[in-house]
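Below is one structure, written out as structure tokens, with a few remarks after it.
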Amino acid sequence: MKRLQSLIVCLLCLFVLSDGAALACSEIFIHKGGAALVSARTFDFTINEGFARFSPPGIARKALHAPDGVPLAWTSSRANVTFNVVLPGSAGAQAFAAGVDGLNDAGLKVGTYFLESSRFPPAGSAPVLDVASLLQYLLDTQDSVEAALADLRSGRYRVGPNPSRDLEIRLHLFLHDAGGDSAVVEFLDGDVTITRAPRVPVLTNDVYAASLKRLSRYDGFGGDRPIPGSGESLDRFVRGAFHWKHLPDQDSAEQAVRSGFAAIQVLSVPPIFPDGCTRWTIVTDLANRRIAFRTLDNPTIATLDLGSLARAKSVVSEIDLRRTDLSGDIDALFDARNAFNPASTPKAPDYDRPENWAALPAPAERGKPVDVFFVPPTTCFSPDTWNESIESSRANPLVRRSLAGQASVFAASCNVFAPRYRDAHIKVLEAPAPDREQALAAAYSDVERAFDHYLRQDNGGRPFILAGHSQGSNLLLELLEKRFRDPAPRKKLVAAYLIGWSVTRDDLTRFPQLAMCDAPDRTGCIVSYNSQSAAPGMSIVRPGAVGVNPLSMNLDTRHVPREANLGAAFPTADGLKEVPRFTGAQTVHGALIVDPADPELTPTPFPGFYHGYDYALFYRNLERNVRERVEAFLKAR
């Protein structure tokens, strides 16, 4: 599992925050009349990647970031649900999850809000707790506002910022509990500043005291100015205070929840601004330990019952908040055993909808005589689900990177069609067989349906290439095994580039319609190889693999020198970085043994493991060979 975690860290692609990121989160706390204790808040940001996590007691954790000290470590004693955003790390560091909002089974509720003026305590000998981990720590270990404040003042640890790419995470907190206690916690001038039972229970993105001072200028709060309507933090505070003041007494928690959604709506940032908008709206009923939420892409309200979850669930489990099929009670979507849970499988894509294709040329742009049906590799790394939702795929930069660095090999000769699909999470590599098979079955069903749609709606009688990488190649091999016994599609198959996956002798024996490419111009055959050094720290080559050398495009096991390499091409922000004669190659026991000339261009999680560069190392040779096979196929026709 440590090897798998290292692989995830290496392969995870990071988002970049824009300079004008919207950091306009707002909260109104409703405790008027009856027993209603309801928090209503928005989460406003440029990034949409996030997840809801259930955590039981007994989970060992430590601070995410402690560059100038020892990270605080703890073990949770309370069950809780948290909402987390995935942020890019700084200076090439891995992505991390920052807590946005959450509730524990004691009724402690914590929300975080960006505060640019935060200044954290100076370095010292106490363990460090970065502010991005603070919400999870408090919900794991504290049962009331009073206890949380005492812990923050204890001196057992010091709170510090957490750097994300182009942005330092600085937050203040709004705490409530089921007994009705409430507090704002801020880190100002190196000290912890606490406002107990704030008389106006609203928080935005300015220091609370400054927000109150601004409020006194407005009608109904001591001044004569009209209530403002802008999205600025102080204006939102005034507007939130106005709506809170005029809310009627709440006769029930259900009424308070409805009022919470209505009141917080006036503080939401609409999705017309390029620098971010309201992504999530979360309304929490503290007394009954229930959470209701909706997202920008899914306005239907979904609900969680923490009491029910705490009784039924025993492991950490997460739900991707980019899903658009979350509705009503979603407790069952949290996995009780961390095994494959059919109820949590995202909705299958409809391939009549263009947005469910990563590449779909318009009919007028299909001018090349040959198509490629390209299936991207694994892009599902976080959150911890078994299959990636299509909504997640649309926002996933790894899909775009695959098109730019892999599918582009075929673009000079082919019209590129690439479906989005519910790819199986990277953990299937080490999962028990029943879980692995069910997750891959969901992925394969999408690929097969997308291929049928392509043949029926988009192919237009043209010959085609099948191509993929890693998991995509695995699924295409299954497609060849199941669907290409029929000679009709075989007659149109130029070749199958199943790169980053092994085709074995057993595969070739069991499915005689499969054959490996033994010459650069042979058609209807398979190109397959896996790049590694002679003694790699990790290998994914299957026993009995039969490999094609991409420099010779045959099955010869002799070494081909780097002089035959027309050029490696590595995707960068500015396009492809090309390096001629980057490496030679030799097929040994089914593995493609390579020796890259510049290790800095091929960083790997394990020495000599070059899986992520299978296309890049031989980019121009692959591009030329695609052209050769297409020409040979068309000539034979």
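The values are calculated or read from the model by the stated rules, or taken from the named source; none is laboratory data. Keep in mind that what you see is a predicted model, and the values were worked out from it rather than measured. As a convention, Cβ positions derive from the backbone with ideal geometry for all residues, glycine included, and neighbour counts pool all protein chains shown. Just so you know, the surface numbers come from the protein's heavy atoms only, side chains and all, with ligands and any DNA or RNA stripped out. Shrake-Rupley method; radii C 1.70, N 1.55, O 1.52, S 1.80 Å.
Each of Val316, Ala358, Val283 was scored by the projection of its Cα onto the charge dipole of the stretch 239-387, and the greatest displacement toward the positive side belongs to Val283; charges sit on the C-beta of Lys, Arg, Asp and Glu. List the lysines whose Cα sits under 23 Å from the Cα of Lys213, skipping any in the same chain fewer than 8 residues away. Lys213 reaches Lys245.
Indicate the gyration tensor shape class of the stretch 60-182 (rounded, prolate or oblate), computed on the Cα atoms with a ≥ b ≥ c the square roots of the eigenvalues: a/c under 1.5 is rounded; otherwise a/b larger than b/c is prolate and the rest oblate.
It is prolate, given that a/c is not under 1.5 and a/b is the larger ratio.
Express the carbon and sulfur contribution to the solvent-accessible surface of the chain as a percent, rounded to the nearest whole number, probe 1.4 angstrom. The nonpolar share, carbon plus sulfur, comes to 52 percent. Overall, the stretch 283-402 carries a charge dipole of about 180 debye about its Cα centre when +1 sits on the Cβ of Lys and Arg and -1 on the Cβ of Asp and Glu, all other atoms neutral.
Sorting the segments 411-419, 540-548 by their residues' average number of neighbouring beta-carbon atoms within 10 angstrom, most packed first, yields 411-419, 540-548. Accessible surface for the chain, divided over its residues, is 39 Å² per residue with a 1.4 Å probe. Given the options Thr82, Pro226, Gln513, identify the residue whose Cα lies farthest towards the positive end of the charge dipole of the chain (+1 on Cβ of Lys, Arg; -1 on Cβ of Asp, Glu). The residue sitting farthest along the positive end of the dipole is Gln513.
If R0 is 25 Å, what FRET efficiency do you get for Asp486 and Arg394 from their C-beta distance, rounded to 0.05? It comes to 0.15. Applying both filters, DSSP loop and at most 10 other Cβ atoms within 10 Å, to the trypsin sites (Lys or Arg not before Pro) of the stretch 497-559 gives Arg558. Would you tally the net charge around Thr504, using a Cβ to Cβ cut-off of less than 11 Å, leaving Thr504 out, and scoring K and R as +1, D and E as -1? Once all neighbours under 11 Å are counted, the net charge is +1. Over 22 Å apart at the Cα level, from the set Lys347/Lys368; Lys491/Lys635; Lys109/Lys427; Lys427/Lys482, are Lys347/Lys368; Lys109/Lys427; Lys427/Lys482. Counting only residues at least eight positions apart within a chain, or on another chain, the aspartates and glutamates with an alpha carbon under 12 Å from that of Lys32 are Asp249, Asp251.
Using Cβ point charges alone (K and R +1, D and E -1), the dipole size of the stretch 132-229 about the Cα centre works out to roughly 280 debye. Helix 471-483 and the longest principal axis of the Cα set of the chain meet at an angle near 50°. Please calculate the 1.4 Å probe accessible area of Lys32, with all protein chains present, and give it to the nearest 10 Å². Its heavy atoms expose roughly 40 Å² to the probe. The residues packed around Asp130, meaning those with a beta-carbon under 14 Å from its beta-carbon, carry a net charge of +2 if Lys and Arg are +1 and Asp and Glu are -1.
Of all stretches in the chain that contain no GluC sites (Glu not before Pro) in a DSSP loop with at most 16 other Cβ atoms within 10 Å, the longest one is 233-637. Across the options Val100, Leu173, Leu215, the greatest Cα extent toward the positive end of the charge dipole of the chain (unit charges at beta carbon of Lys, Arg, Asp, Glu) belongs to Val100. Sort the stretch 470-547 into rounded, prolate or oblate with this rule: let a ≥ b ≥ c be the square roots of the eigenvalues of the Cα gyration tensor; rounded if a/c is under 1.5, and if a/c is not under 1.5, prolate when a/b is larger than b/c, oblate otherwise. Prolate shape, in that a/c is at least 1.5 and a/b is the bigger ratio.
Mind putting a number on the dipole of the chain about its Cα centre? Charges go on the C-beta only, +1 for Lys and Arg and -1 for Asp and Glu, and I need it in Debye to the nearest 20.
1060
Helices in the chain, meaning DSSP H runs of at least 4 residues, each add -39500 (n - 2.57). Divided by all residues, the mean residue ellipticity at 222 nm is -7000 deg cm²/dmol.
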